[in-house]
1. Using alpha carbon centroids, what distance separates the range 229-298 and the range 162-207, in Å?
2. Taking GluC sites (Glu not before Pro) that fall in a DSSP loop and have at most 13 other Cβ atoms within 10 Å as cut points, what is the longest piece of the chain between them?
3. Using all alpha carbons of the range 1-145, what is the percent of pairwise distances in each 10 Å bin, ordered from the shortest bin to the longest?
4. How large is the helix-only mean residue ellipticity at 222 nm for the chain, computed as the sum of -39500 (n - 2.57) over DSSP H runs with n ≥ 4, divided by its residue count, in deg cm²/dmol to the nearest 500?
5. What's the magnitude of the charge dipole for the range 198-318 around its Cα centre, counting Lys and Arg as +1 and Asp and Glu as -1 at the beta-carbon? Answer in Debye, nearest 20.
6. If you scale each eigenvalue of the Cα gyration tensor by 5 and take the root, what three semi-axes come out for the range 97-225, rounded to whole angstrom and sorted largest first?
7. I want to verify the translational diffusion coefficient of the chain in µm²/s; compute it with Stokes-Einstein, Rh as the Kirkwood radius over Cα pairs, at 20 °C and 1.002 mPa s.
8. Taking the Cβ of Ser29 as the centre, find all other residues whose Cβ is under 11 Å away and add up their charges (Lys, Arg: +1; Asp, Glu: -1).
Amino acid sequence: MDANQSLNGVAECNPKPILVTGGAGFIGSNFILEWLAEGRGPVVNLDKLTYAGNPENLAAVEEHPDYSFVRGDICDRELVKQLLDRFKPRAVVHFAAESHVDRSILGPEAFLKTNIDGTFTLLRAAKAYMESLDVAGRADFRFLHVSTDEVYGTLAPEDPAFHEGTPYAPNSPYAASKAASDHLVRAWVHTYKLPAIVTNCSNNYGPYQFPEKLIPLMIANARQGKPLPVYGDGQQVRDWLYVVDHCRALITVLENGRIGETYNVGGGNQRSNLEVVTTLCALLDELLPQSQFRPHAQLITYVEDRPGHDRRYAIDARKLEGELGWRAQESFETGLHKTVEWYLSHAGWVESVTSGAYQHWVEQNYGSRETTAGATGSSR
Ligand code: NAD
Ligand code: TYD
């Protein structure tokens, strides 16, 4: 729906809804499913449906009386204004973004547009909307900006984990665009008293993640006996968090977080990429005893590294845990098991999202990468 289209098809909500942006993507859809499952009230989902947005993720709640979907762009100033004025949300939960580092390296423009311009558009509209509210409405209103640990840059093996005071040092176009958006939020809090909160989370995994990110890509390739492309030496470390734990952290921050604060969110699960891929292969060996591709680890293939590849991310989530009592409920082992089972039982979903456009992307990203012997040697 664009600014000129009527919003009449969308039910007006009572009690006050939240406005979610990017709710058809990986984390946003898990968030909406969790929010509705917990009976937390109405949600309006504004999503442009880029290649990463898939309404099928929300098929289970399509008819839910508390769920409304609006197709549109967060950069569309008129549409955002109309939605705020019409639905009078008690909060904006802002997920919408271009989110894949490799895509940001090949084509940064969309990242600057959506992540920076889009956030600016939302902030400007949220400020005007907030100023139109009465005292009670203003006191309740929140703008929750969902961001990433990648804004902090990269860690050496002996460095302490990222904390809320770690200086920003983004290294990829994606990370730079998210850092810029975090700074805009900060400025809107400081200058205009917008009641915003920022969260910076580590790598998520779980159901509905587009199979261009490490974990779902490896599962999808392994099932088909395709190479499992490990960048560089595979010793880069990420701190993995099960997506539903992230969503629960966001709900906690939205309901109880302090205005103007940043909360780091992470699972305390640091793993090298190679460890993640070999663990996935072992799980697939176990869950697919008839697979002709067993042992799946034989498919691991070292390919040319990502330019500017960050070596290590790790999150110190003690502020969120200590101040708001949040704890991750899944360990990496239980979360990964659930995730692999989900992908194995949702082959149709993977099939439907890996369209022709996606195949073109695969060609662009992997077609020109040399196959290399990693530091530990090719595992073939
Ligand atoms: P995603 O790429 O899966 O989903 C992004 C969603 O935003 C899609 O539904 C897409 O259609 C929508 N979108 C994109 N541009 C839009 C626009 N201009 N207007 C409206 N909608 C638009 O991303 P994700 O992994 O779900 O990440 C969600 C948010 O969480 C992002 O802001 C990301 O930076 C942040 N984050 C992600 C991770 C992770 O591991 N995936 C970790 C920390 C933070
Ligand atoms: P990714 O899922 O793209 O997340 P991010 O770049 O935001 O951390 O990648 C996770 C890690 O896996 C990262 O170090 C890059 C690496 N990787 C590979 O080794 N091979 C791949 O094909 C992909 C997509 C990622």
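1. Answer, in whole Å: 21.
2. Counting only loop sites that pass the neighbour cut-off, the longest clear stretch is 159-369.
3. 12, 44, 35, 9, 1
4. -12000 deg cm²/dmol
5. On the way: 12 positive and 13 negative charges, 21 e Å.
I would put it at about 100 debye.
6. 31, 18, 15
7. Working: Rh = 21.3 Å.
Rounded, D is 100 µm²/s.
8. My count for the surroundings of Ser29 gives -3.
All of the numbers you see were taken from the coordinates with simple rules; none came from a lab. Because the structure is a prediction, the values reported are computed rather than measured. Note: ideal-geometry Cβ built from the backbone for every residue, glycine included; neighbour counts use all protein chains shown.
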